[in-house]
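So the structure is just underneath, and the comments pick up after that.
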Amino acid sequence: MPPAMSRLLTSLIALPLLVAVVLAQDKPLAPPAGAQDLAEQQEQAAQEPTEEPDSTKKPPLQLLDNAAEVNLGTLMDRERRQFTVKLRHAGDKPLAISLVRSTCPCLEIVNAPQPFTLAPGAEMTIEAILKANTLPVKPFARLILVNVADYDPYFIKVVGDIAKNVSFAPAPVIQLGSFVGLKTSWTRTITLKFDFPEGKQIVLEQPAENKLLTLAVSSPEPNTFVVAATPKLPLPAGKLDEVITLPTRGVDGYGSVQIAFRGTVTGWDLAVVERIITIDTAQIEPGKGAAAELTIVPRSEAPPARRLARRFKGGHSHAQNDDRVAEKHVENDEQAAGELKRKETWQDIAKAITVNIPEGSTMDIVPEDTCIKLRLSFPEQFFAQRNRYSASVMHNKKIIGRLNIVAK
């Protein structure tokens, strides 16, 4: 077997089948895991083989009219084009057909014969769907494989051209960055403009309700739509990755369009400025104790902790210099709103601050206009038995600072 053929077969066996053979049935295959993420599907499809490898044991199958390939012509960029492939057995001995499959998530086999024997001169039919939204806007070539016992696979080359029918401004994916996501509302919009031949007009319908975002669709002019997203505050902390499917109608064969809003919700991201508290016991006056003051501020304003800097940046590296992604950070809106410059905000934050202070000491939590002060008091004889203590400062049970209290 030629090396190119061997490598292709090895990869196909090692990877899970994206499309398995389907017996005559009404329902198409379920989409692969993560199919809601259009960008990932496009990246995967771009890595799939597009040319038939050399073969020394090619089965005696041929397309009708001895065509070299199946040409689907021009497809719309969100089209699901169903097509039929017919093969004729051009040999003189029966062929044992075992499996029909594709090499790409863009090709879905919806109807193919179950494992069977194809007699000489007989024909077999394969029905498939080409999902244009998983391919880039340019000419394409992808492969369907027919496994035949005692032969190398038979490759059916499917070609065509994807036309661009929709453009996005600023991009189909909005990167929101890292932000608090609790009090400050914001709005991010994506404008979609469609262009179809013969003056066709499309309707972009309201998407399904989203748990985290309020979505509104407006149309300032024909074939132009604006999708506005605002948060349902407060947002839960963690990764935000909302893929929005926008149904369409009015243009036959044109499917839904997807946009996405991504970022990281941090909640109040706080830090303690002072990590080491040093008490000079020689300065403690008789009958009096010692005192220390700590400050809680936004982590962005705290000095860097003593630890190795991370050698990577957050998010996907492919998001940089990618015209599918636009940076529209919510942090800028929150800073402009000045939430962390208000005493009322720090009073709310203070309600969730706890410190496991050493037994015998006391602490006052004092909200101010731009921070929280923690004022610790130690009795005169507090350090008589021990000269070192530790404590943790927590916000909503999350540690925002570890303290070392040292007497000298």
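The values are calculated or read from the model by the stated rules, or taken from the named source; none is laboratory data. Treat the numbers as computed from the prediction; the structure is a model and nothing was measured. Quick reminder, even Gly has a Cβ in these numbers, built from the backbone with ideal geometry, and neighbours come from all protein chains shown.
Every residue in segment 231-244 that is surrounded by 14 or more Cβ atoms within 10 Å (Cβ to Cβ), assigned to a strand (DSSP E or B) and of a type outside the set (Asp, Glu), please.
Pro231, Leu240, Val243, Ile244 - these are the residues of segment 231-244 that are surrounded by 14 or more Cβ atoms within 10 Å (Cβ to Cβ), assigned to a strand (DSSP E or B) and of a type outside the set (Asp, Glu).
Results for (1) touching an Asp or Glu at 6+ places or on another chain (Cβ under 6 Å); (2) charged (D, E, K, R); (3) without any contact (Cβ under 8 Å) to a residue 60 or more places away in the chain, shown as yes or no for each residue.
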{"residue": "Ser167", "(1), (2), (3)": "no, no, yes"}
{"residue": "Ile174", "(1), (2), (3)": "no, no, no"}
{"residue": "Val180", "(1), (2), (3)": "yes, no, no"}
{"residue": "Phe194", "(1), (2), (3)": "no, no, yes"}
{"residue": "Ile202", "(1), (2), (3)": "no, no, yes"}
{"residue": "Pro207", "(1), (2), (3)": "no, no, yes"}
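Output the number of the condition that Arg342 fails; it satisfies all remaining conditions of (1) buried (at least 16 other Cβ atoms within 10 Å of the Cβ); (2) within 25 Å of Phe179 (Cβ to Cβ); (3) free of Cβ contacts under 8 Å to residues at least 40 places away in the same chain.
(1)
Quick check on segment 353-373: of everything there that is touching a strand residue (DSSP E or B) at 6+ places or on another chain (Cβ under 6 Å) and in contact (Cβ under 8 Å) with a residue 60 or more places away in the chain, which residue is surrounded by the most Cβ atoms within 10 Å (Cβ to Cβ)?
Among them, the one singled out is Ile372.
Here's the yes/no breakdown for (1) more than 18 Å from Leu72 (Cα to Cα); (2) in contact with a Phe, Trp or Tyr (Cβ under 8 Å, 6 or more places away or on another chain):
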site	(1), (2)
His89	yes, no
Cys104	no, no
Glu108	no, no
Glu123	yes, no
Val137	no, no
Val146	yes, yes
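I'd like the full set of residues that are in a strand (DSSP E or B) and polar (S, T, N, Q), limited to segment 385-408.
Ser390, Ser392, Asn404
Please go through segment 52-65 and give me each residue that is modelled with pLDDT under 85 and in a helix (DSSP H, G or I), ordered by number. Show your work before the answer.
Filtering segment 52-65 down to residues modelled with pLDDT under 85 leaves 52-56, 65.
The answer is Asp65, and nothing else.
Mind checking which residues of segment 106-136 are closer than 16 Å to Arg80 by Cβ and β-branched (Val, Ile, Thr)?
Ile109, Val110, Ile129, Thr134
Sort out which residues of segment 278-301 are out of contact with any helix residue (DSSP H, G or I) (no Cβ under 6 Å at 6 or more places or on another chain) and either among the charged types (D, E, K, R) or within 25 Å of Gly267 (Cβ to Cβ) (or both), and write them in order of number. Talk me through it step by step, then tell me what you get.
Initially, segment 278-301 is screened for residues out of contact with any helix residue (DSSP H, G or I) (no Cβ under 6 Å at 6 or more places or on another chain), giving 278-297, 299-301.
Of everything in segment 278-301, those that are out of contact with any helix residue (DSSP H, G or I) (no Cβ under 6 Å at 6 or more places or on another chain) and either among the charged types (D, E, K, R) or within 25 Å of Gly267 (Cβ to Cβ) (or both) turn out to be Asp280, Glu285, Lys288, Glu293, Leu294, Thr295, Ile296, Val297, Arg299, Ser300, Glu301.
Against the conditions (1) in a loop (DSSP other than H, G, I, E, B); (2) out of contact with any Gly (no Cβ under 7 Å at 6 or more places or on another chain); (3) surrounded by fewer than 19 Cβ atoms within 10 Å (Cβ to Cβ), where does Pro120 fall short? Just the number, please.
(2)
Out of everything in segment 278-306 that is hydrophobic (A, V, I, L, M, F, W, C) and within 19 Å of Lys398 (Cα to Cα), what residue ends up being surrounded by the most Cβ atoms within 10 Å (Cβ to Cβ)? Write out each step before concluding.
In the first step, residues of segment 278-306 are kept if they are hydrophobic (A, V, I, L, M, F, W, C); the result is 279, 282, 284, 290-292, 294, 296-297, 302, 305.
This time we only want the ones that are within 19 Å of Lys398 (Cα to Cα), so: 294, 296-297, 302, 305.
On the way: Leu294: 21, Ile296: 27, Val297: 17, Ala302: 19, Ala305: 10.
Per the criteria, the residue is Ile296.
Regarding segment 315-328, can at least one residue be identified that is in a helix (DSSP H, G or I), at pLDDT 90 or above, out of contact with any Phe, Trp or Tyr (no Cβ under 6 Å at 6 or more places or on another chain) and of a type in the set (A, V, I, L, M)?
Within segment 315-328, none of the residues are in a helix (DSSP H, G or I), at pLDDT 90 or above, out of contact with any Phe, Trp or Tyr (no Cβ under 6 Å at 6 or more places or on another chain) and of a type in the set (A, V, I, L, M).
Return the pairs, sorted by first residue and then second, in which the second residue is in a loop (DSSP other than H, G, I, E, B) and of a type in the set (Ser, Thr, Tyr), the first residue lies in segment 374-390 and is closer than 13 Å to Lys288 by Cβ, the beta carbons are less than 8 Å apart, and the residues are 6+ apart or on different chains.
Ser377/Ser361; Phe378/Ser361; Pro379/Ser361; Phe382/Ser361
Among what's in segment 248-301 and is over 34 Å from the mean Cα position of the chain (by Cα) and among the small types (Gly, Ala, Ser), pick the residue that is farthest from Pro172 (Cα to Cα).
Across segment 248-301, the extreme among qualifying residues is Gly287.
Looking at Val166, Val257, Val265, which is the one that is buried (at least 20 other Cβ atoms within 10 Å of the Cβ) and farther than 26 Å from Met76 by Cα?
Just one listed residue meets the conditions, Val265.
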